[in-house]
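Some notes on the structure that comes next.
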Amino acid sequence: MKTTKFTKTKLATSLSVVLGVSSMLPAYAADEISDENIEVLQVTGIRGSLIKSMDVKRSSSGVVDSISAEDIGKFPDTNLAESLQRITGVSIDRSNGEGSKVSVRGFGPDYNLITLNGRQMPVTTGSRSFDFANIASESISGVEVHKTSQASDSTGGIGSTIDILTHRPFSSPGLKATFGVKAVDDQSTDNGSVTPELSGLYSNTFADDKFGISLSASYQERESGNQQAQVGTGWRSFPGTADNSDWGGVAKDDTQINRPGDDDIYSVPQTTVYRFEEQQRTRTNGQLVLQYSPVDSVVATLDYTYMRNDIDTQSNDVSAWFNFVPSENVWSDGPIASPLIYSETYDSPADLSMAAGDYGVRNESGSLGFNIEWQASDDLKLTFDAHNSTAENKPNNLYGSSNNLSTAAFVRTSAATDFSGDLPILAVGGGNAVTPADMMLTGSVFGNSRNKSEIDQYQFDGEYLFEDAGSIDFGIALTNVNNHSQSVNVQRNDWGGVGSAGDFEDAWFPADTIQDKFDANGGDFSLADGNFDVLDTIFMWDFAAVRDFAAANYASSVSGDCGNGFCPSTNYAAETDRYTEEESQAVYIQYNYDNEIAGMPYDVHFGLRYEQTDVTSTAAVAGYNGADWIAETEIALVGTGEQVFETKSGDYDYLLPSFNFNIEVVEDVMLRAAYSETIGRPDYTAIQGGTVLATLANRSNGGGSAGNPTLLPLESENIDFSAEWYYAPSSYVSLGYFRKDTKNFISSETVQTTNGIYNPASGDLYKAAVAATGTTEAGAVRDYIFANYASNAAVDVANQIISGSAANNDELLNFNITTPSNSADSSVIDGWEFAVQHFFGETGFGVIANYTLVDSDQAYDNYSFEAQSALVGISDTANAVLVYENYGFQARVAYNWRDEFLNSTNQGTGANPQYTEAYSQIDLSVSYDIESVEGLTVFFEGLNITEEYTRVHGRADEQVLNLTETGARYSLGARYTF
């Protein structure tokens, strides 16, 4: 593409030579270098990286931000997402304290296309979101965030297209090598120790730079942990008129202090959980690149990239499920009312559960690519690119990819939670007197799931230059994406208990004070009402020891590969087995023209892209024909042992125009305007067919989910305006406005179905028990049925099971099936981006600051019970970075902030929202170049040094869903470059 030769400083041009990043810049940069005698300035490190990024932004054809390597093999952060969050408009989601997924301009991870050297990459997440925790940064030369679209861009990135650029030997001719070592101390782990990280990169060219090879590798271990407070499953919401005749509703009497009024809505919690995790992660990355240029006009590149991330997790938790018996509560003011204290007292002891898990997964990706560029003539350049890439998430543990083994003591005489602070405080009557001897083995779930994604992509691109009349870009692309997901659970529903949990002396660790592990409430762990005894006991028991005892002593009606119910199965096809294929064909053309208006150079780009996509989904899911009431709040589905198969298909096509205009109105001042139409494809999980029922239901209804292969993409019309002033060689200021008019939004809707399964908590037996006992409390109702209807065919007194039966006039069990659908609503998302980068002369000090304001006209209505299509992820973001670089020292202190945002329109209880609260984090890094050893640098890094925690709530702040504390992470290391 022919581009106007905007003025560049000698500093910026020389950096392109010194740092070997010419492959990131337009072709005209090389022309300027050959035409001018440039003085080569040795500016590297932080300042050099920022100048490179600034130059990419300035010379781009649209609105682009980027991050560049500070030196070969030295990216600013070991985690790419942590670096990307410093870009204007980019925010990140963290997993266990580490950057994982990115959102841009309010559009979540599924609506940002991630490419590797321009190639669409498969994912291990099952959705379209790329997990940046899987890729190391040592072989990365730069990351470009394209916020406006051109016809040549692959579709899918409404928020942005993020292109990860890896090192190429021809981009830095000659011998280049680096080796790094690092020791990492993660403060979040209770059991872990200092862990190593190793990395290296070798690059060289031979035969007069006609052949090049680049080899990079990294190995990283990390031990971390977290503590979480949760309201498991979520909050159940009611209109103020609802009383305790509705399951979960509260009475209209003096048991409620400041009870919500009829015009209010209120919510009640399902359970309170404290969870403690330890995690070990081992990440291995490698890349081999071969380049060959037999003649000056031809460059061939063959590359292979490998990524593997092994994650092992151990967990312990303690929880108290509320049974929704008549409750006594203290309420916040309406109209969205929440219990400040929620409490229940039981006629017969309920369970205090203590569970554990020990599981592991492996995320593994491989990409083989071939690219050939041919400068056929002075006016014509042709490029062919092909790659086959796979990504797989699979189990990597003897006990499966997820599991939960539960024990319980039936000692709970009451349960209460104080929700007035950030951390919910749980009190359990009888809970602190519990001993290991009280604990019984109850239910368990051993799950195995795997997801494999494969992409075959072929792209042919051309560029033809007209003499003094612009140029044309053209091309075609064929992309085939296959996703295959499978899962199988070995689930024992013995929640009423089967017996002792084993040899406590060997299997149990000492009790610990639960709240002492948290900092969220500043050490105040008392309940507002002093009548409750705060729970401070949890047995952090050994998963393997209890599992082995259970497997040796208790029979099970289900079995995994080990022959009993205490291990996973690898017979994946026995349950959920889903396959989707997405085939796309695209053709594009774009005209580029540059000229001057009144001495002001400008360039303009008109493009059209046509894309056609076919989707096919084949799914097999488990079938059910009955339901057993197995515990007070649990109804278990009875499987048929057979599967239900179905195939669905969908298709769509779009003609997508794009327009970009850039003008340098005065020297160093750029104005940009852009218009485009883009699409954001549904995530892969959403387009999988098949209906999956949750194996456990409650007395009111069951749950489930279903995909929809006929979904259409989200459509967006985009407008961008930007002004940029490059007032110094390493300083600039920019202001931009963007607007995205979206329609065809994808949201969830709940469809109610019965599936022919009878509800055992609804018919003649249930109604007789309620009439006789005068209560709907589940324990009393079940006890009455067992005592009075032992001879009924549906009643199994020995196993404490009541089965659904047409003979007992049981009603059909309702299932709320959540399925994605295209909403008829439209939405406007617009915002402002401000950024400044300034260096204070030769002092070595510099500052970088940006702020993004994002707004949507379709906010979530907390006062509504209906499913809504509000856009998730919308939030303001801000960054401020102070840097210093002089006399061999480099230092950086970065502050990142993200305002509160809606992260989901559903909880496990249905159409109830989830909000992630505002979060900020401070990171720092310091390095020093050892003068006596050229090329040797020592460094120190700290992430989240103030140990901030994250919190998620429902319709009101008091309705906490999750509070997670991790901790700071520090590393000390050295790099040697030659």
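Can you name the strands (runs of 3 or more DSSP E) wholly within region 211-290 that have at least 2 residues being aromatic (Phe, Trp, Tyr)?
Of the strands (runs of 3 or more DSSP E) lying wholly inside region 211-290, those with at least 2 residues that are aromatic (Phe, Trp, Tyr) span 211-230, 235-239.
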Answer with yes or no whether Phe179 is part of a strand (DSSP E or B) and free of Cβ contacts under 8 Å to residues at least 60 places away in the same chain. no
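Report yes if Gly360 is crowded, with 18+ Cβ neighbours inside 10 Å and either closer than 25 Å to Tyr572 by Cα or not basic (Lys, Arg) (or both), otherwise no. Steps first, answer last, please.
Values: crowded, with 18+ Cβ neighbours inside 10 Å: yes; either closer than 25 Å to Tyr572 by Cα or not basic (Lys, Arg) (or both): yes.
Taking the combined requirement at face value, the residue satisfies it.
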Considering region 585-619, residues that are aliphatic (A, V, I, L, M) and surrounded by fewer than 21 Cβ atoms within 10 Å (Cβ to Cβ), and then whichever is farthest from Gly497 (Cα to Cα), we arrive at Ala598
I'm trying to understand the selection: among the residues of region 691-716, which are over 24 Å from the mean Cα position of the chain (by Cα), within 26 Å of Glu634 (Cβ to Cβ) and assigned to a loop (DSSP other than H, G, I, E, B)? Thr695, Asn698, Arg699, Ser700
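Does region 271-278 contain at least one residue that is in contact (Cβ under 8 Å) with a residue 12 or more places away in the chain, of a type in the set (S, T, N, Q) and over 30 Å from Pro196 (Cα atoms)?
yes
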Considering only residues that are surrounded by fewer than 17 Cβ atoms within 10 Å (Cβ to Cβ) and over 28 Å from the mean Cα position of the chain (by Cα), look in region 644-658 and name the one that is nearest to Leu711 (Cα to Cα). Asp653
Selected residue (criterion: surrounded by the fewest Cβ atoms within 10 Å (Cβ to Cβ)) from residues of region 862-912 that are of a type in the set (Phe, Trp, Tyr) and outside any strand (DSSP E or B): Tyr887
Within region 816-856, how many residues are part of a loop (DSSP other than H, G, I, E, B) and either within 25 Å of Gln85 (Cα to Cα) or among the hydrophobic types (A, V, I, L, M, F, W, C) (or both)? 3
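Within region 772-787, can you find the residues that are assigned to a helix (DSSP H, G or I) and in contact (Cβ under 8 Å) with a residue 60 or more places away in the chain?
Those that are assigned to a helix (DSSP H, G or I) and in contact (Cβ under 8 Å) with a residue 60 or more places away in the chain: Ala778, Gly779, Ala780, Arg782, Asp783.
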What are the residues in region 544-579 that are surrounded by 21 or more Cβ atoms within 10 Å (Cβ to Cβ) and either within 29 Å of Thr413 (Cβ to Cβ) or more than 34 Å from the chain's Cα centre (by Cα) (or both), if any? Val546, Ala550
Single match in Asn850, Asn792 (criterion: modelled with pLDDT of 90 or more and more than 31 Å from the chain's Cα centre (by Cα)): Asn792
Within region 699-731, can you find the residues that are aromatic (Phe, Trp, Tyr) and buried (at least 21 other Cβ atoms within 10 Å of the Cβ)? Tyr726
Where residues in region 209-220 are surrounded by 18 or more Cβ atoms within 10 Å (Cβ to Cβ) and not hydroxyl-bearing (Ser, Thr, Tyr), which of them is nearest to the chain's Cα centre (by Cα)? Gln220
Scanning region 432-444 for residues that are surrounded by 24 or more Cβ atoms within 10 Å (Cβ to Cβ) and among the small types (Gly, Ala, Ser), which turns out nearest to Ser327 (Cα to Cα)? Gly443
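Out of curiosity, is Glu947 surrounded by fewer than 18 Cβ atoms within 10 Å (Cβ to Cβ), in a loop (DSSP other than H, G, I, E, B) and in contact (Cβ under 8 Å) with a residue 24 or more places away in the chain?
The answer is yes for Glu947.
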Filter region 659-689 for residues that are closer than 30 Å to Tyr602 by Cα and under 34 Å from the mean Cα position of the chain (by Cα) and give the result. Phe659, Asn660, Arg672, Ala673, Ala674, Tyr675, Ser676, Glu677, Thr678, Ile679
Some residue of region 546-559 being farther than 30 Å from Val490 by Cβ, modelled with pLDDT of 90 or more and out of contact with any Lys or Arg (no Cβ under 9 Å at 6 or more places or on another chain): no
Number of the condition not met by Gln800 [criteria: (1) buried (at least 16 other Cβ atoms within 10 Å of the Cβ); (2) touching a strand residue (DSSP E or B) at 6+ places or on another chain (Cβ under 6 Å)]: (2)
I need every pair where a residue in region 281-300 that is among the aromatic types (Phe, Trp, Tyr) has its Cβ under 7 Å from the Cβ of a residue that is surrounded by fewer than 16 Cβ atoms within 10 Å (Cβ to Cβ), sequence separation at least 6 or different chains. Tyr292/Lys210; Tyr292/Ala300
Can you tell me which of Glu373, Glu328 is under 30 Å from Ile630 (Cα atoms) and in contact with a strand residue (DSSP E or B) (Cβ under 9 Å, 6 or more places away or on another chain)? Glu328
Select, from Leu398, Leu368, Leu405, the only residue that is in a loop (DSSP other than H, G, I, E, B) and in contact with a strand residue (DSSP E or B) (Cβ under 9 Å, 6 or more places away or on another chain). Leu398
Checking Pro326, Pro335 in turn, the sole residue that is at pLDDT below 95, of a type outside the set (Lys, Arg) and out of contact with any Gly (no Cβ under 7 Å at 6 or more places or on another chain) turns out to be Pro326
Pair list, Cβ < 6 Å and 6+ apart or interchain, from region 472-495 residues that are among the basic types (Lys, Arg) to residues that are surrounded by 21 or more Cβ atoms within 10 Å (Cβ to Cβ) and not in a strand (DSSP E or B): Arg492/Gly565
So if I check each of Ala761, Ala769, which one is surrounded by 18 or more Cβ atoms within 10 Å (Cβ to Cβ) and in contact (Cβ under 8 Å) with a residue 60 or more places away in the chain? Ala761
Scanning region 138-175 residue by residue, the ones that are over 29 Å from Ser485 (Cβ atoms) and in a loop (DSSP other than H, G, I, E, B) total 14
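Table: residues versus (1) farther than 24 Å from Asn701 by Cβ; (2) in contact with an Asp or Glu (Cβ under 8 Å, 6 or more places away or on another chain).
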site	(1), (2)
Ile785	no, no
Ala790	yes, no
Val795	no, no
Ser803	no, yes
Leu813	no, no
Ala824	yes, no
Taking region 24-46 as the search range and keeping residues that are in a helix (DSSP H, G or I), within 16 Å of Gly142 (Cβ to Cβ) and not small (Gly, Ala, Ser), which one is modelled with the lowest pLDDT? Met24
Selection from region 467-498 of residues that are under 23 Å from Tyr399 (Cβ atoms) and either part of a loop (DSSP other than H, G, I, E, B) or out of contact with any strand residue (DSSP E or B) (no Cβ under 8 Å at 6 or more places or on another chain) (or both): Asn493, Asp494, Trp495, Gly497, Val498
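The values are calculated or read from the model by the stated rules, or taken from the named source; none is laboratory data. Because the structure is a prediction, the values reported are computed rather than measured. Heads up, the Cβs are rebuilt from the backbone with ideal geometry, glycines too, and the neighbour counts pull from every protein chain shown.
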